[in-house]
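First comes the structure, then the notes that go with it.
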Amino acid sequence: MKLIAFEPLDSLFFREAKPFNAGEGGFLDSQFPPPAQTLSGAIRSAIGESNVDWDWNDKETVAALLGTADDPEPLAFAGPYLLKDGQRLYPVPLNLLCRAKEDNKEDKKKEKKMSADWVRLAPSGCEFTTDMGDWKLPTPEKQPEVGNTPEGAKPVEEGWLYAADMQKVLEGGLPEGFFPADRIFVREARVGIGRNNQKSVVKEGQLYFTRHLRLKEGITLGMGVSGATKLPNGGMMRLGGEGRLACIVGGEMPSRSRLSSPTVAGNPQGLILTLLTHGDFGGKVEPDWSSDHPGLELVTACIGKPVREGGW
């Protein structure tokens, strides 16, 4: 599997799935990281444009080479990945609570990871009745290096770890630090208005507001792709809403892109499933593993806010 990375030359806009018609708010924020469909669609377009000898009127042949929006076969994708200076970053798992420490100005200037006090969450000893059933809700877990829960600790909704720190988490430990959102990108508010070019006037009632993202230096977006007869190697393309330019960079998958399986000692009582991208379980609260892994039972879960994907 090869890596296709995008280095933006401008701000990026990955619109959230909210109505954007007149009288329905007029403001759209950006999702980050972008949905997998957005980057895989951009890669499919780049593959098509790099094969100039294709007959684009032959839709069956093109579909056989690029797949469709619902079924990408023969292509296969992995990701999306967030990369910092070529190293893959992983989202901070939601079973970690964090109280971030104030770093010095030099660390902020160099975009170093932020140090933090951590504590893990573990299933409680008793069940609680919720609107989704009876569950053992997650509670803070005492650890020798942490002790009681740090005051003000909370889940990190926009934070990323290096592979080495993520490996520590999978093995039951705690990371040294993390990259918060403000060390990955900057949010930029934008204002736009509809225009009547024939009359050189603005259109009444068509004022709108969006929020773009400008990635920090060294931050790129990428996906793994396989099954293509020819991959793009360089060049530029439009990425995301409003068609902002980005450079295409091909190469090998980032080093340590696959973490090692944690070593299990003693008599394990269960397993922890960590999602690296948003999960879609077909309207259910847990995966349907009855056929492949019968006997598994969901004990507790640490979940974030619901995410709706859609738009351009």
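The values are calculated or read from the model by the stated rules, or taken from the named source; none is laboratory data. A quick note: this is a predicted structure, and the numbers were derived from the prediction, not measured. Keep in mind that these areas ignore ligands, DNA and RNA; they rest on the heavy atoms of the full protein, side chains included. Shrake-Rupley method; radii C 1.70, N 1.55, O 1.52, S 1.80 Å.
Quick check on the chain: what does the Kirkwood estimate of hydrodynamic radius come out to from the alpha carbon pairs, in Å?
Mean inverse Cα-Cα distance, inverted, gives 22.4 Å.
Cut-off under 18 Å on the C-alpha distance; same-chain residues fewer than 8 positions from residue 101 excluded. Which lysines are left, in chain and number order?
109, 110, 112, 113, 154
Could you tell me what percent of the DSSP beta bridges with both partners in the chain are antiparallel, to the nearest 5?
In the chain, DSSP labels about 95 percent of beta bridges as antiparallel.
GNM, the chain, Cα, under 10 Å: largest mean-square fluctuation among 128, 20, 178?
Largest GNM mean-square fluctuation: 128.
With a 1.4 Å probe and every protein chain left in place, tell me how much accessible area residue 272 has, in Å² to the nearest 10.
Its heavy atoms expose roughly 120 Å² to the probe.
In the chain, what percent of the accessible surface is made up of carbon and sulfur (1.4 Å probe, ligands and nucleic acids excluded)? Walk me through the numbers before you get to the answer.
Numbers: 9550 of 19190 Å².
Its accessible area is 50 percent carbon and sulfur atoms.
Please find, in a Gaussian network model of the chain (springs between Cα atoms separated by less than 10 Å), the residue of 241, 222, 282 whose mean-square fluctuation is greatest.
Of 241, 222, 282, the Gaussian network model singles out 282 as fluctuating most.
Among 235, 250, 192, which one shows the biggest mean-square fluctuation in a GNM of the chain, springs joining Cα atoms closer than 10 Å?
192
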